[in-house]
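What follows is a single structure, written as structure tokens, with notes after it.
Here, each number is a calculation from the coordinates, and none is a lab measurement. Since the structure is predicted, the reported quantities are computational estimates derived from the model, not experimental observations. Glycine also receives a Cβ, built like all others from the backbone with ideal geometry; neighbour counts cover every protein chain displayed.
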Amino acid sequence: MEMFDCNVCLGLPYAPSVPPDAYIEKAEDLLDRMAFCGINQALVRHIAMEEESPVVGNQLLIREIASFDRLEPSWAILPPQTGELGTPDELVARMKTDGVRALWAFPSKHHYLLTGTTFGGLFEIMIQRRIPLFVSAKERSNGIEGFAMIEALLRDFPKLVLVATDHGCWGEDRLFRPLIERYEHFYIDTSRYELAGGIRDFCDRYGPHRMLFGTGFPEIPMGGAFLTLLHAEISDQAKAAVFGGNLQRLLREVRL
Amino acid sequence: MRNPSALAKEFRKYGKAASCPIIDMHGHFGPYQGIYFPADTAEAMMRIMDRAGVRMIVCSSHTALVDTRRGNPEMAEVVAKYPDRFRAYWALNPNYPDRMKEEIEAYPEQKGFVGFKFLSDYHKVAITDDRYGPALEFAQEHRMMILMHTWGNSPYDGPALIEEVAKRYPEVTILMGHSGYGEWDRAIGVARDYPKVYLELTAAYHANGVIEEMVQGAGSHKMLFGTDMPWFTPHYGIGCVLCAAITDEDRHNILHRNAETLLRLRGVNLEEDDG
Ligand SMILES: [Zn+2]
């Protein structure tokens, strides 16, 4: 079974929220840690993409993981109006060159509105090319946060492939399940889905194709989400879909 | 590099380990306000416990946190029905001192309970407040165990306040539920400095690197496993313990041995069941 983690970050943050030793700076060390836990592959971002700037971090990530084909790169977006990452077409052209098939939005730290006014042009291109957008459910934009922010985005762009990561562990099914039912291109990751019986209950109701395996490393240890999914009470086929099949399909469908 | 832990291999293959019959020292029961639970009945919880090799769980019902008079008897019924799998904490609410006094007096008659449960952050009464006095004095006199909800920097149950209580009531065994979540160093220090204070891991396990700091700072003999089930699945916490950079000896201490010692001291028979 391919265990493909959709939620991993490389690099050292300037203000660690867990003991500093928990963070990993080098790609080879990340691969070691993944092997230690039994994870084969990861969609990776670099902390500099969020904490410094996508202008720096996107390229830093490519340099860091270029020689490791088990690490799949993802980039952060910025409003096209300031031109820092070029026009949407230029961004997509660079994604093609560097083999990037997924994008992240960090509206809180990057100080922009995650709305159609800002990103309409880019999102239309992402929809056409089926490029998935990853956004943490902890983010905030336009005065709203979490799933309220995500729903506002999905209402305007229902065909955007959108993956919400890091939903809290303190009970968010009542928040995200309505969005799963309404928006067919909406996915959640499993990094904080600690709910007893949660994966089984979710998959019984919605099938296994709306959930992606993610660990939330390095703030969260890899082992928790891993063992939870490995022994979730769902079929092996369903498990394979959540563990890697769904993410592989999403990335395969991207046309650059 | 593969995880060399024999326990990790066994859990990975079977979801449980015969040599490691887990005891969950922090459970609940029944529905609660802000969360949807797919598995909050005793039967649904046992099904999940079986899949993860959890031999026993010690719970306070959510109802008891809201209304002790309805909730504590509800938990007694669960223990009476499944005595091999459940034990309970007798929940107290200091906002109703007369009621609390009656419930403390009634405690010795109860079967299946292994201590008190305090939820100071939710009841909005500081653990050092006089209203907790009668319960703490009773616990001191009877050398009882208390599971206290503890949270970093809380004005009600932060680790600094737990330290005051531990100093005043040295005979009380204090389980710091959630290990003073977020204020890790302070909580670890209290567990290190006070012989009867333990770090209980519910939710704390998901802070990467913290299990290692606890083992180094307080020692694995001062740590206990818990899940808040039906909130969290045991496999999540177990997975975090298995991938932490500690030894299998530490893992056995955390996942069952320390709890076995505490429960045996309180009359729980753990001999015949092989887990
Ligand atoms: Zn609890």
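Can you tell me the dipole magnitude for region A:31-168 around its Cα centre, using point charges on the Cβ only (Lys, Arg +1; Asp, Glu -1), in Debye to the nearest 20?
Dipole size: approximately 280 debye.
Set the Förster distance to 22 Å, then compute FRET efficiency between B:GLU43 and B:THR261 from the Cβ-Cβ distance, nearest 0.05.
0.15
Please report the antiparallel percentage of the DSSP beta bridges confined to region B:1-91, to the nearest 5.
Within region B:1-91, antiparallel bridges account for around 10 percent of the total.
Sort B:HIS221, B:HIS235, A:HIS111 by Cβ crowding within 10 Å, fewest neighbours at the top.
Ascending Cβ contact count within 10 Å gives the list A:HIS111, B:HIS221, B:HIS235.
Helix B:234-243 sits at what angle to the longest principal axis of chain B, using alpha carbons and giving 0 to 90 degrees rounded to 10?
The two axes meet at around 60 degrees.
If you take every DSSP beta bridge fully contained in region B:21-273, what fraction is antiparallel? Give it as a percent rounded to 5.
5 percent
Note the full-extension length gain between A:LYS159 and A:GLU2 as 0.36 nm times their separation in residues minus their Cα-Cα distance, in nm to one decimal.
This chain segment gains 53.8 nm when fully extended.
So for region A:4-252, if I pair up every lysine 8 or more residues apart or on another chain, how many of those pairs have alpha-carbons under 25 Å apart?
5
Which shape class, rounded, prolate or oblate, goes with region B:96-221 when its Cα gyration tensor gives a ≥ b ≥ c as root eigenvalues, a/c under 1.5 marks rounded, and past that a/b bigger than b/c marks prolate?
Because a/c hits 1.5 or more and a/b exceeds b/c, region B:96-221 counts as prolate.
Helix-only estimate, please: 222 nm mean residue ellipticity of chain A, summing -39500 (n - 2.57) across DSSP H runs of length 4 or more and dividing by its residues, to the nearest 500.
Per the formula, -12000 deg cm²/dmol.
Could you give the size of the charge dipole of region B:21-273 about its Cα centre, using +1 on the Cβ of each K and R and -1 on the Cβ of each D and E, expressed in debye and rounded to the nearest 20?
So the magnitude is around 160 debye.
Going 7 Å from the Cα of B:GLU102 along its beta-carbon direction, which residues of region B:52-76 have the amide nitrogen within less than 15 Å of the resulting point?
B:67-73
Take the Cα radius of gyration of the protein assembly as shown and divide it by 2.2 N^0.38 Å, with N its residue count; two decimals is plenty.
Rounded to two decimals, the normalised Rg is 1.00.
So, with +1 on the Cβ of K and R and -1 on the Cβ of D and E, and no other charges, what is the size of the charge dipole of chain A about its Cα centre, to the nearest 20 debye?
Here the size comes out at about 660 debye.
Helix B:68-81: angle to the longest alpha-carbon principal axis of chain B, degrees 0 to 90, nearest 10?
Result, in degrees: 40.
Provide the percentage of antiparallel DSSP beta bridges, counting only those with both residues in the protein assembly as shown; round to the nearest 5.
10 percent
As I understand it, the value is the acute angle between the Cα axis of helix B:159-168 and the longest principal axis of the Cα atoms of chain B; what does it come to in degrees, rounded to 10?
Long axis of B:159-168 versus the principal axis of chain B: about 60 degrees.
For B:LYS117, A:LYS239, what ranking results if the residue with the fewest other Cβ atoms within 10 Å of its Cβ goes first?
A:LYS239, B:LYS117
Tell me, what is the FRET efficiency for B:GLU249 and B:ASN269 to the nearest 0.05, using R0 = 22 angstrom and their Cβ-Cβ distance as r?
Efficiency at R0 = 22 Å is approximately 0.30.
Tell me the label-point distance for the pair A:GLN81, A:ALA15, using the 7 Å Cα-to-Cβ offset, in nm and rounded to one decimal.
Those two pseudo-labels are separated by 2.8 nm.
Among A:ASN7, B:GLY34, B:VAL215, pick out the residue whose Cα is farthest towards the positive end of the charge dipole of the protein assembly as shown, where Lys and Arg carry +1 and Asp and Glu carry -1 on C-beta, about the Cα centre.
Of the candidates, A:ASN7 comes out farthest on the positive side.
With r as the distance between the Cβ atoms of B:GLU109 and B:LYS81 and R0 = 22 Å, compute the FRET efficiency 1/(1 + (r/R0)^6) and round to 0.05.
E between B:LYS81 and B:GLU109, to the nearest 0.05, is 0.75.
Contour minus end-to-end for A:ALA35 and A:GLU233, with contour as 0.36 nm per residue of separation and end-to-end as the Cα-Cα distance?
Value of the extension gain: 68.9 nm.
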